[in-house]
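One structure below.
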Amino acid sequence: MNQPSLYTPRLILRPYQPADASEVQRLAGAAAVAETTLNIPHPYADGMAEAWIATHRAAWEAGTAVTFAITTVDDALRGTVSLQLTRSHGRGELGYWIGQPYWGRGLATEAVTALLRFAFEDLHLNRLQASYLPRNPASGRVLAKVGMLREGLHRERFRKGDTFEDVVECAILQREWRAGRDLTRDGAT
Ligand SMILES: CC(C)(COP(=O)(O)OP(=O)(O)OC[C@H]1O[C@@H](n2cnc3c(N)ncnc32)[C@H](O)[C@@H]1OP(=O)(O)O)[C@@H](O)C(=O)NCCC(=O)NCCS
């Protein structure tokens, strides 16, 4: 099966194309995006985006990861949302960024909401997890809004530059996601 596209009210989440590379470099290359992520290089050198996009198809086909370009309906890039997959354990690890000019419009929440539905309904995962730096409360808020529960704090788990960073770990199980969705459908809060 080819990687599908996902549709939300304002966004299309689609597989990356080679032609997206220059926009990835421009948006993900901003210092503010690299600052709170653990695997986005800074500076973002020429060729990195092309090389990264070139890994996506094989990862999807191998079932190890799925990466979506977050685009507007007129195909302007806004960010990325991805899952690292551990299929033997029915588990996915969520990652995401939004280009800085587009922060604060609910785009990450809208994209992550669609990814959760895809992960639980189409990939039949049991657990989605994500981590964020305590100094990145906007990311924590996105995860809380989609129903993820905080599971704990890993002290100084990652080194970023010269600093060992604490990381908050969050997760949601498929049954929790289904219960939350059913409540919403029933009109409860
Ligand atoms: C984190 C990030 C993805 C959020 O994207 P976004 O599209 O602005 O997120 P949303 O608009 O959907 O939601 C952001 C929420 O955080 C809240 N928020 C923003 N700044 C905040 C702050 N300093 N403290 C607390 N909450 C904050 C917003 O008010 C909003 O919550 P609300 O809807 O309840 O008002 C974006 O800032 C980003 O890409 N950052 C750099 C990369 C990154 O950190 N990725 C995540 C790695 S774990």
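Which residue out of T113, T37 is within 30 Å of T163 (Cα to Cα) and either within 11 Å of the ligand (Cβ to nearest atom) or within 16 Å of the chain's Cα centre (by Cα) (or both)?
When all the criteria are applied, what remains is T37.
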Which numbered condition S82 misses (of (1) under 13 Å from the mean Cα position of the chain (by Cα); (2) near the ligand (Cβ under 9 Å from one of its atoms))
(2)
Cβ pairs under 7 Å, 6+ apart or interchain, first in segment 1-28 and among the β-branched types (V, I, T), second assigned to a loop (DSSP other than H, G, I, E, B), ordered by first then second residue, are I12/S5; I12/V73
Being under 27 Å from G99 (Cβ atoms) and acidic (D, E) narrows E121, E151, E165 down to just E165
The helices (runs of 4 or more DSSP H) lying wholly within segment 1-104 that contain at least 2 residues that are open to solvent by less than 30 Å² (accessible area, probe 1.4 Å) and farther than 30 Å from H124 by Cβ are 21-28, 31-35
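For segment 179-189, which positions are charged (D, E, K, R) and either assigned to a helix (DSSP H, G or I) or surrounded by 14 or more Cβ atoms within 10 Å (Cβ to Cβ) (or both)?
Within segment 179-189, R181, D182, R185 qualify.
Conditions tested, residue by residue: (1) under 14 Å from the mean Cα position of the chain (by Cα); (2) of a type outside the set (F, W, Y); (3) assigned to a helix (DSSP H, G or I); (4) exposed (fewer than 14 other Cβ atoms within 10 Å of the Cβ).
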residue: E121; (1), (2), (3), (4): no, yes, yes, yes
residue: E156; (1), (2), (3), (4): no, yes, no, yes
residue: R159; (1), (2), (3), (4): no, yes, no, yes
residue: A171; (1), (2), (3), (4): yes, yes, no, no
residue: W177; (1), (2), (3), (4): no, no, yes, no
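The values are calculated or read from the model by the stated rules, or taken from the named source; none is laboratory data. In this text the structure is predicted, and so the values were computed from the model without any measurement. Here Cβ is always computed from backbone atoms with ideal geometry, including for glycine, and neighbour counts include all displayed protein chains. Accessible surface areas use protein heavy atoms only, side chains included; no ligands, DNA or RNA. Shrake-Rupley method; radii C 1.70, N 1.55, O 1.52, S 1.80 Å.
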